[in-house]
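The values are calculated or read from the model by the stated rules, or taken from the named source; none is laboratory data. Every value quoted in this text rests on a predicted model; they were computed, and no experiment measured them. Glycine gets a Cβ as well: all are built from the backbone with ideal geometry, and neighbour counts include every protein chain shown.
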């Protein structure tokens, strides 16, 4: 049982969720309320990580953020550390790769708010910010929570990208999914089985939570 | 308001997440940790040997290293891309010498061992562990082989030597459709000893481990059938004092005994 790897995975998932919360609300809301030329492409771009093989994504990340790239060198100059093979790089990759898991449910949640309710809020003299806090977020929060839970679970299970961009550095980029792979190769079936069972239980709990929230959204609209 | 009560209660788990996130400072902890406990990249054939050596090192010096094991080619590529390893034990000295030439290392490194390959068959396999490959040849001709595991010759030195040995016996073209490639020689050993393959060619050092030898039978493949597995190690540019100490330790008698135990031939000694 690799506790460091588990802790690392949990922290990576938590950080991803924390960053995706404001990003998801902003973009989800924007896509829900606005109609514009090229909206189809924007939505397709958001959904791209869903269909892209993780290794393809990891490859492009390596090319764009690696030590030889301009972005990588800027980062190195600014922070003294690499972007790849570090927790920071993994977090950046994770945020981008989880965009559809965060944005899509939130977009549905905001779309489900009847326009009359938003108009009523505006008529009451609420500023857009107040309307967001007092009216929209409370109505959309099951969808937002679903998005967060899905992103959390998806990050816990991410393997292909971590392998490409992470390098399996213990304590830094060796997540629990990588640790399971590592233990299997070491013929350590006991440890691998333990960690796999734990991840399975976590995933099941996540899915159950997600369905519970979906029912709440359904009842609200019902 | 009805809605905002739910929102407020949703904030509490978010606060918990925030604490999870900011509790340890990401950058600083990783930085100091890497100085105290360097990451050493080792080829997969060292899976068991290096773990034992690291344990002995910890017992003898009270210093610790963290091991990352994988295919030599992959590590060489990652090092070129800035991976934070401080020491690299390759299964093929070519990778080390190329890294040295391109300025990623402190020096040319040291030859630490010479490896061997074995043919291994799991229990109940229609194949025999035959180091002359006669049985393999007959099995291929009779169509008894469906899957044969080796490491990926493109970036795993043990896979490349497996290919050389098969080519030497003119079996490569016949066996190619049935090959399953491990990403490194450990994964190849996984495949070869599972019920899913009839056998494979893996590292001698892996076959000698009790965990692996319990799963099947193996025979040493003649050295003359492939180019030697000259395994070279080197300290990388970022190597700190602990890594340097470990580098020296790997050349000392205690470590050499462990290498010998796993079937490695040590430089200066004959196999």
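Any idea which residue in the range B:73-98 is nearest to residue B:159 (Cα to Cα), counting only those that are within 14 Å of chain A (Cβ to nearest Cβ) and in contact with a strand residue (DSSP E or B) (Cβ under 7 Å, 6 or more places away or on another chain)?
First, the residues of the range B:73-98 that are within 14 Å of chain A (Cβ to nearest Cβ): B:73-88.
Going one step further and asking which of them are in contact with a strand residue (DSSP E or B) (Cβ under 7 Å, 6 or more places away or on another chain), we end up with B:75, B:79, B:84-88.
Working: B:75: 15, B:79: 21, B:84: 26, B:85: 24, B:86: 25, B:87: 23, B:88: 19 Å.
Selected residue: B:75.
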- What single numbered condition from (1) touching a helix residue (DSSP H, G or I) at 6+ places or on another chain (Cβ under 9 Å); (2) surrounded by fewer than 16 Cβ atoms within 10 Å (Cβ to Cβ) fails to hold for residue B:101? (1)
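To keep it simple, each residue is scored yes or no on (1) loosely packed, with under 15 Cβ neighbours inside 10 Å; (2) not in a helix (DSSP H, G or I).
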residue	(1), (2)
B:95	no, no
B:130	no, yes
B:140	no, no
B:149	no, yes
B:155	no, yes
B:164	no, no
B:170	yes, yes
- Any residue in the range B:189-207 that is touching a helix residue (DSSP H, G or I) at 6+ places or on another chain (Cβ under 6 Å) and more than 22 Å from residue B:123 (Cβ to Cβ)? no
- Task: Restricting attention to the range A:47-68, report how many residues are over 22 Å from the mean Cα position of the chain (by Cα) and surrounded by fewer than 17 Cβ atoms within 10 Å (Cβ to Cβ).
- Result: 1
- Candidate set: the range A:198-222, residues that are more than 14 Å from residue A:9 (Cβ to Cβ) and in contact with a helix residue (DSSP H, G or I) (Cβ under 8 Å, 6 or more places away or on another chain); chosen: the one modelled with the lowest pLDDT: A:220
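May I ask you to say which residue of B:251, B:198, B:231, B:187 is in contact (Cβ under 8 Å) with a residue 12 or more places away in the chain, within 15 Å of residue B:152 (Cα to Cα) and in contact with a strand residue (DSSP E or B) (Cβ under 9 Å, 6 or more places away or on another chain)? Steps first, please.
Values: B:251 fails: within 15 Å of residue B:152 (Cα to Cα); B:198 fails: within 15 Å of residue B:152 (Cα to Cα); B:231 fails: within 15 Å of residue B:152 (Cα to Cα).
Just a single option satisfies the conditions, and that option is B:187.
Just the residues that are crowded, with 18+ Cβ neighbours inside 10 Å and either more than 15 Å from residue B:51 (Cα to Cα) or touching a helix residue (DSSP H, G or I) at 6+ places or on another chain (Cβ under 6 Å) (or both), please, taken from the range B:247-258. Give the derivation first.
Quick first cut of the range B:247-258, residues crowded, with 18+ Cβ neighbours inside 10 Å only: B:247, B:249-250, B:255-256, B:258.
Of everything in the range B:247-258, those that are crowded, with 18+ Cβ neighbours inside 10 Å and either more than 15 Å from residue B:51 (Cα to Cα) or touching a helix residue (DSSP H, G or I) at 6+ places or on another chain (Cβ under 6 Å) (or both) turn out to be B:249, B:255, B:258.
With the requirement that a residue be closer than 18 Å to residue B:185 by Cα and either in contact with a strand residue (DSSP E or B) (Cβ under 7 Å, 6 or more places away or on another chain) or surrounded by fewer than 16 Cβ atoms within 10 Å (Cβ to Cβ) (or both), what does the range B:44-62 give you? Even if it seems obvious, please write down each step before you answer.
As a first pass, look at the range B:44-62 and keep what is closer than 18 Å to residue B:185 by Cα: B:44-51.
Listed by number, the residues that qualify are B:44, B:45, B:46, B:47, B:50, B:51.
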